[in-house]
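Quick notes on the structure that follows.
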Amino acid sequence: MKENEEGQLSYRLLLAVDIQGYSRRDTREQLHAQRLLSEALDGAARGVGLDRAGWDKQVGGDGELATLPEGVDPATVAGDFVILLDGALREANRDAGRFRLRVRVSLHHGTLTAGPFGPAGDAPIVVQRLLDAAPLRRLLADDVDRDLAYVVSDSLFDDVVRTGFCALPPRGFRAVRVAAKGAVFRGHILTGRAAGEDAGGPGARSARVLDFPALALG
């Protein structure tokens with residue numbers, strides 16, 4: 001997304017991803033994690049007919065905030081892309097060394113405008129606050145076999161996941177309310193597995209529901 005001097009708003013799909021426990025790795029391990037994550041994201045995108053080269057990315061050492069192009073099907077990204085990403089992480093971790101690659105992912109659609117330091121507006125704030133939410137972090141901490149913790153915003157859940165066009169079923173998600181920086185953000189965390197036997201596909205088990213008592217206000 002090119003910066004517009006007039007500050008024109010656009011309505012886009014945003015995806016944020018972060019590597020869990022990145023700072024505990026040494027430099028070589030951090031570089032290895034970055035490469036594995038980039039390959040996993042590339043593979044998942046190709047699997048649904050997308051090219052990450054066309055995404056506007058604000059990159060940090062442990063992840064990125066990506067603004068997807070106009071016209072991308074949000075149901076495909078919210079479902080199939082995430083399922084493929086979870087599978088790619090699982091495959092990458094088959095030969096994991098001291099650290100497995102475990103990531104948090106958040107998804108939201110909303111208004112933003114391009115700026116000199118990345119996208120500005122409510123949408124980038126929402127997707128980042130959900131990515132940093134305590135319940136999402138706790139999901140990885142409490143489930144050592146999980147490689148992916150995934151949350152969608154409240155509006156995206158209602159507009160996309162509930163429609164039935166998303167490959168991940170609504171019953172696999174749990175609503176959370178997160179207070180951060182003096183504001184409240186609502187989202188839905190996938191408590192089942194994105195890929196695997198409880199992903200919600202044909203013949204799958206019902207998604208396992210976790211309880212977030214005090215964490216809902218984390």
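The values are calculated or read from the model by the stated rules, or taken from the named source; none is laboratory data. The shown structure was predicted, so the numbers you read here are calculated from the model rather than taken from an experiment. Ideal geometry is used to build each Cβ from the backbone, glycine not excepted, and the neighbour counts take in all protein chains shown. Accessible surface areas use protein heavy atoms only, side chains included; no ligands, DNA or RNA. Shrake-Rupley method; radii C 1.70, N 1.55, O 1.52, S 1.80 Å.
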Output yes when any residue across segment 77-90 is closer than 25 Å to A183 by Cβ and open to solvent by 40 Å² or more (accessible area, probe 1.4 Å), and no when none is. no
Considering only strands (runs of 3 or more DSSP E) fully contained in segment 1-106, which possess at least 2 residues that are at pLDDT below 90 and within 24 Å of A120 (Cα to Cα)? 56-60
Quick check on this structure: which one of R174, R90 is in contact (Cβ under 8 Å) with a residue 40 or more places away in the chain and either charged (D, E, K, R) or more than 30 Å from D26 (Cβ to Cβ) (or both)? R90
Within segment 154-176, residues being under 21 Å from A123 (Cα atoms), among the aromatic types (F, W, Y) and more than 15 Å from the chain's Cα centre (by Cα) number 0
Given the criteria open to solvent by less than 50 Å² (accessible area, probe 1.4 Å), more than 25 Å from L112 (Cβ to Cβ) and among the charged types (D, E, K, R), does E64 qualify? no
Conditions (1) of a type outside the set (G, A, S); (2) without any contact (Cβ under 8 Å) to a residue 40 or more places away in the chain; (3) touching a Gly at 6+ places or on another chain (Cβ under 8 Å); number of the one not met by D42: (3)
Regarding G47, is this residue touching a residue at least 24 places away in the same chain (Cβ under 8 Å) and in contact with a helix residue (DSSP H, G or I) (Cβ under 9 Å, 6 or more places away or on another chain)? yes
Against the conditions (1) open to solvent by 10 Å² or more (accessible area, probe 1.4 Å); (2) under 16 Å from the mean Cα position of the chain (by Cα), where does V151 fall short? Just the number, please. (1)
I'm told A175 meets every condition in (1) modelled with pLDDT of 95 or more; (2) open to solvent by 60 Å² or more (accessible area, probe 1.4 Å); (3) in a loop (DSSP other than H, G, I, E, B) except one. Can you identify the failing condition by its number? (3)
